[in-house]
Amino acid sequence: MIWDVEEFVRAAGVTVGRLADHVDGSQRGLGAVVGRRGPGELAERLDLARWIREGGMTPEAYAEFLAVYLDEGTRFHHPGHLGHQIAAPDFPAALADFVHGAANNPMAAYEMGAAAATVEFEVVRWMLDKVGYGQAGGGVLTHGGSLANLTALLAARAAAVPDAWEEGVPGDLALLAPESAHYSLTRAAAILGLGEQAVVRLDADPLGRIDVARLPEALDRVRRAGRRPMALVAAACATGTGLYDDLRGIGEFCAANGLWFHVDGAHGASALLAEGHRHLLDGVELADSLTWDAHKMLRTSSLAAAVLTRHGGALDAAFRQRASYLFYGDQGFDSIGRTVECSKAELGLKIFLNLAWRGERGLGEYVARQYATAHRLWELARERPGFALPYEPESNIVCFRYGGGDQAVIRESLTADGAFHLTSAEIGGVRHLRAGVMAPATDDKTLHALLDRITGLGE
């Protein structure tokens with residue numbers, strides 16, 4: 001069926017209008033932050049079965065559907081959204097999604113999207129420069145940080161065991177990481193054939209940060225157990241607490257001991273753009289690989305993440321492909337040999353358009369503002385009786401407890417009435433409420449209202 005251009009224009013106009021109203025209302029705090037209906041009830045309200053079975057949607061019917069769809073979703077632009085580490089996307093990134101949805105240039109093979117591929121090359125080059133890798137480094141964008149971490153560890157595996165791709169993974173490899181590491185790293189170890197038991201937990205302080213002074217002891221334990229360390233993973237910043245590991249200390253230890261040093265900077269690497277927070281990533285240039293999610297603190301829509309390596313050839317060694325229908329002739333501009341994905345979306349366009357509109361200074365100001373708002377929440381909470389805060393925040397993530405009751409119950413009550421959305425995390429085996437300040441609309445008024453609401457729930 002050939003595109004009906006006139007109908008597309010009408011439906012696109014409906015989309016733009018509904019989305020504009022949705023984001024505007026969300027930023028002003030209208031509507032519930034999180035939809036709470038179960039899937040059965042929601043499917044009925046959206047009339048999904050009929051539309052799937054019969055089709056026939058028109059721009060007018062689509063307008064009604066989209067209104068309900070948006071109303072039942074999660075409002076990431078809402079000032080009360082203090083939950084998961086997902087961006088309140090800026091509008092240039094949304095334009096990129098619109099362009100990709102229509103043009104559909106999956107660009108891992110250059111000939112399938114030359115403009116999209118070139119944009120990605122330049123975005124990756126910009127990121128390499130920000131990290132300090134420069135021209136010697138390499139990188140590729142992936143659909144999310146989990147794939148980026150997996151790709152980085154594939155590069156580490158290739159460096160440790162070059163024959164693993166063809167001959168399989170030997171049983172003596174180990175991955176060194178703290179307990180606070182993102183779950184995707186343990187998952188990657190299993191996918192790579194190491195198995196979860198190959199993940200050796202590093203000694204950490206009470207807040208989950210790697211204890212650099214005890215790294216020699218940990219390495220000695222690994223080697224005495226007959227294992228070869230494939231990589232050591234540090235956080236910038238930790239998903240649960242938002243705290244940064246000592247990257248310089250860890251990086252110098254890894255360099256001295258011949259260890260592949262991987263930094264999971266999915267959330268916190270964007271602090272490189274904020275002058276007052278760059279120091280948190282001191283030493284990141286020592287890492288052999290780094291992940292950096294744009295769909296967190298660079299305000300792009302999901303998903304867009306980068307895996308970057310200090311040496312460009314490291315990613316080329318991670319994969320070994322044979323497919324006569326893809327790999328032939330001059331492939332000097334193809335990124336398909338560096339990534340799990342073959343049909344890869346135009347991810348670079350989302351990051352580029354945000355940069356093109358806001359500039360790296362504008363994105364850095366956003367990072368600094370969110371970090372400052374989180375610090376303000378910490379300041380306000382510690383002035384109130386009943387609140388316990390185990391650390392001063394380094395990023396836009398704050399963990400705290402109120403009273404001695406079940407914090408999960410408090411979180412559920414906050415979410416149920418729709419005004420706020422928080423998550424939770426365990427620190428030292430104790431569950432805390434966890435606020436991630438992601439929405440630009442979150443301000444002092446929001447923070448006071450949140451603390452008032454929590455206090456009211458505890459009475």
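The values are calculated or read from the model by the stated rules, or taken from the named source; none is laboratory data. A quick note: this is a predicted structure, and the numbers were derived from the prediction, not measured. Heads up, the Cβs are rebuilt from the backbone with ideal geometry, glycines too, and the neighbour counts pull from every protein chain shown. Accessible surface is based on the protein model in full, side chains and every heavy atom, while ligands, DNA and RNA are left aside. Shrake-Rupley method; radii C 1.70, N 1.55, O 1.52, S 1.80 Å.
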| task | Would you mind listing the helices (runs of 4 or more DSSP H) fully within region 205-312 where at least 2 residues are free of Cβ contacts under 8 Å to residues at least 40 places away in the same chain, open to solvent by less than 10 Å² (accessible area, probe 1.4 Å) and in contact with a strand residue (DSSP E or B) (Cβ under 6 Å, 6 or more places away or on another chain)? | result | 247-257
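Being under 13 Å from Ser26 (Cα atoms) and out of contact with any strand residue (DSSP E or B) (no Cβ under 8 Å at 6 or more places or on another chain) is true for just one of Gly55, Gly73. Which residue is that? Please lay out each step first, then the result.
Details: Gly55 fails: under 13 Å from Ser26 (Cα atoms).
It is Gly73.
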| (1) modelled with pLDDT of 95 or more; (2) not in a loop (DSSP other than H, G, I, E, B): which one isn't true of Gly337, the others all being true? | (1)
| note | Over region 421-448, the set of residues exposed (fewer than 15 other Cβ atoms within 10 Å of the Cβ) and either hydrophobic (A, V, I, L, M, F, W, C) or in contact with an Asp or Glu (Cβ under 8 Å, 6 or more places away or on another chain) (or both) is Val430
| task | Identify the single condition in (1) at pLDDT 95 or above; (2) farther than 29 Å from Ala419 by Cβ that Arg75 does not satisfy, given that it satisfies every other one. | result | (2)
| remark: Scanning region 235-256 residue by residue, those under 16 Å from Pro216 (Cβ atoms) and touching a Leu at 6+ places or on another chain (Cβ under 6 Å) turn out to be Gly251, Phe253, Cys254
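Residues checked against (1) out of contact with any His (no Cβ under 8 Å at 6 or more places or on another chain); (2) under 30 Å from Leu95 (Cβ atoms):
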residue	(1), (2)
Ala274	yes, yes
Leu280	yes, no
Val284	yes, no
Asp293	no, yes
Met297	no, yes
Leu303	no, yes
His311	yes, no
Phe319	yes, no
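A quick yes/no check of all residues on (1) in a loop (DSSP other than H, G, I, E, B); (2) surrounded by 15 or more Cβ atoms within 10 Å (Cβ to Cβ); (3) small (Gly, Ala, Ser):
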{"residue": "Gly35", "(1), (2), (3)": "yes, yes, yes"}
{"residue": "Leu42", "(1), (2), (3)": "no, yes, no"}
{"residue": "Arg53", "(1), (2), (3)": "no, no, no"}
{"residue": "Ala67", "(1), (2), (3)": "no, no, yes"}
{"residue": "Pro89", "(1), (2), (3)": "yes, yes, no"}
{"residue": "Ala93", "(1), (2), (3)": "no, yes, yes"}
